[in-house]
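The values are calculated or read from the model by the stated rules, or taken from the named source; none is laboratory data. Treat the numbers as computed from the prediction; the structure is a model and nothing was measured. Cβ sites come from the backbone with ideal geometry, for glycine too, and all protein chains shown count toward neighbours. Side chains included, ligands, DNA and RNA excluded: accessible areas come from the protein's heavy atoms. Shrake-Rupley method; radii C 1.70, N 1.55, O 1.52, S 1.80 Å.
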Amino acid sequence: QRQAGAALIEHLLLQLQIAGNAYLECVTLDGRPRELHVLRSDRMRVVPGPDGWPAAWDYSVGGRSLRFQAGEGASPILHLTLPHPLDDHYGLSAIEAAAAAIDIHNEASRWN
């Protein structure tokens, strides 16, 4: 999906607010950044290294997986997260934090 300017930022922030995580891929050519792509949070998985920091990110779609390797220099993935008190690698969205209260409300409404 081609996006530019405000649409790219809007999509990135939408992922961050809904999932608590947002991923931006930087595509380089001859060592220079050429394109930015917002990747879907539900398709991305952090691969922790032996020191606990992300060593790679796996992006899965259509039964295939693509690995973005972290290395020396700039990372190909910018991972933005909202704060999560119990997870070192993934963020917590407000929707996830409120899920239990929403479920209780919905069940109470059905029961009544």
Among (1) within 18 Å of A74 (Cα to Cα); (2) hydroxyl-bearing (S, T, Y); (3) surrounded by 15 or more Cβ atoms within 10 Å (Cβ to Cβ), the one test that T28 misses: (3)
Does segment 33-50 hold any residues that are within 13 Å of G20 (Cα to Cα) and either acidic (D, E) or exposed (fewer than 14 other Cβ atoms within 10 Å of the Cβ) (or both), and which are they? D42
Flag for L78 being out of contact with any Lys or Arg (no Cβ under 6 Å at 6 or more places or on another chain) and not in a loop (DSSP other than H, G, I, E, B): yes
For segment 66-75, check the following and say yes or no: at least one residue is in contact (Cβ under 8 Å) with a residue 60 or more places away in the chain and not aliphatic (A, V, I, L, M). no
Please tell me if V61 is open to solvent by 50 Å² or more (accessible area, probe 1.4 Å) and either among the aliphatic types (A, V, I, L, M) or in contact with a strand residue (DSSP E or B) (Cβ under 9 Å, 6 or more places away or on another chain) (or both). yes
So in segment 84-102, with the set limited to residues that are without any contact (Cβ under 8 Å) to a residue 24 or more places away in the chain and in a loop (DSSP other than H, G, I, E, B), which one is surrounded by the most Cβ atoms within 10 Å (Cβ to Cβ)? D87
Can you tell me which residue is farthest from the chain's Cα centre (by Cα) among those in segment 67-83 that are surrounded by 11 or more Cβ atoms within 10 Å (Cβ to Cβ) and more than 21 Å from H11 (Cα to Cα)? A74
Looking only at segment 64-75, which residues are farther than 16 Å from Y23 by Cα and assigned to a strand (DSSP E or B)? R64
Pull up segment 51-63, narrow it to residues that are assigned to a strand (DSSP E or B) and either of a type in the set (S, T, Y) or more than 17 Å from Y23 (Cβ to Cβ) (or both), then point me to the one that is farthest from the chain's Cα centre (by Cα). S60
